[in-house]
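Any read-out appearing in this document is the output of simple, stated calculations on the displayed coordinates, not a laboratory observation. Not measured: the values here are computed from a predicted model. Note: ideal-geometry Cβ built from the backbone for every residue, glycine included; neighbour counts use all protein chains shown.
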Amino acid sequence: MAGMRRRTATPTAAVLASAAIVVAGVTGCTTGATQGDAGEATRASSAPASATPAPTATTAPTADASAALGALETEFDARVGVSALDTGSGTTLDYRADERFGYASTIKVFAAAAFLQQVPADQRDEVVTWTAADVSAAGYSPVTSQYVDQGMSLSSLAEAAVRQSDNTALNLVLDRIGGPAGLDEALEQLGDSTTEVVNREPDLNTIEPGSTDDTTTPGAFTADLAALASEENLAPVDRALLLDWASGNATGDTLVRAGAPEGWTVVDKSGGAGGIRNDVAVVTPPGRDPIVLTVLTTKNDPEVAYDDALVARVAAAVLAEFG
């Protein structure tokens, strides 16, 4: 099956390599819950059911990995999108990298990055409050539901959004950075004119047929993660903080981390709703520069729940190409 393609160096590859020492120092294991994303939203994507279309790549595929990903699409009756960047060599590996998928809660890591970009350190301890009604409306909120009476600092909310995928926390962080439009603008400043940030939680999980709202492409998200390695986009101390929050992602153990070879460290942000299951990650092999990886998946039948095993097996197939 044609579909996977390789390219060589991009300007951001060398920049991200400078973050390797930070990433390599983060542990790849977590003892947190692995089912958090299942509660992020009760609504499934409303994309119409259909057979997986042929991949849209126009350059020569990597035959073995392309065949493996095509077989996984058939086995899981799903569409898979991948974009991986080896920051040491500049090589990329893409499969449906320019096709749109709902991003679900993976967007939270970029909201946290925008928060760190825009809010000075001396303002991040500001305490924010909310109501029980806010929590109820947002859905999955394992952290903020415990602090309705006393509130939390902005920094703690950004951490909860990434580490625990807390929906109310995301909405409150969005309030501080100008809402969905503010996050969309922040991504545009990274060079991303593809991702369309429109809604808050939980509405961002419902993808209407034919709409680009609350969607992205694997290629766009991998480029965004790589761009955050530049000091022009994120100060080194803030990048280290963001990676620390992602290293404790309580919902990622069964995703890219499960598919990575033993001894490779993974920091990631997962997302899932209905038939959508995603993970964006920075994966560091021992003694090597990081690999930036985006895996986006969606079931062809929107009534069928997502499957973590699909993401893990996609990650295993892709990372084997960089072994």
Relative packing of 194-203, 101-110, which averages over residues the other C-beta atoms within 10 Å, highest first:
101-110, 194-203
Report the Cα centroid-to-centroid distance between the stretch 153-229 and the stretch 77-114 in angstrom, as an integer.
13 Å
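Could you sort 81-88, 115-122 so that the peptide with the highest average Cβ count within 10 Å comes first and the rest follow in order? The partial results should precede the final answer.
Working: 81-88: 25.5, 115-122: 15.1.
Most protected by this proxy first, the peptides run 81-88, 115-122.
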Among residues other than ASP238 whose Cβ falls under 12 Å from its Cβ, what is the net charge (Lys/Arg +1, Asp/Glu -1)?
0
How would the stretch 122-262 be classified by its alpha-carbon gyration tensor: rounded, prolate or oblate, with rounded meaning a/c under 1.5 and the a/b versus b/c comparison settling the rest?
rounded
Please sort 206-215, 286-295 by packing, taking for each peptide the average over its residues of neighbouring beta carbons within 10 angstrom, highest first.
286-295, 206-215
What nm value, rounded to one decimal, do you get for the distance between ALA235 and GLU75 when each label is placed 7 Å out toward the C-beta?
4.6 nm
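Taking the Cβ of ASP301 as the centre, find all other residues whose Cβ is under 15 Å away and add up their charges (Lys, Arg: +1; Asp, Glu: -1).
Working: positive: ARG79, ARG277, LYS299; negative: GLU73, GLU75, ASP77, GLU303, ASP307.
With Lys, Arg at +1 and Asp, Glu at -1, the neighbours total -2.
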Amide H neighbours of SER211 under 5 Å, counting only residues 5+ apart in sequence or on other chains, H built in-plane at 1.01 Å?
none
Could you list LYS299, LYS269 so that the one with the fewest beta carbons within 10 Å of its beta carbon is first and the one with the most is last?
LYS299, LYS269
Which of PHE76, PHE221 has the fewest Cβ neighbours within 10 Å, and the rest in rising order
PHE76, PHE221
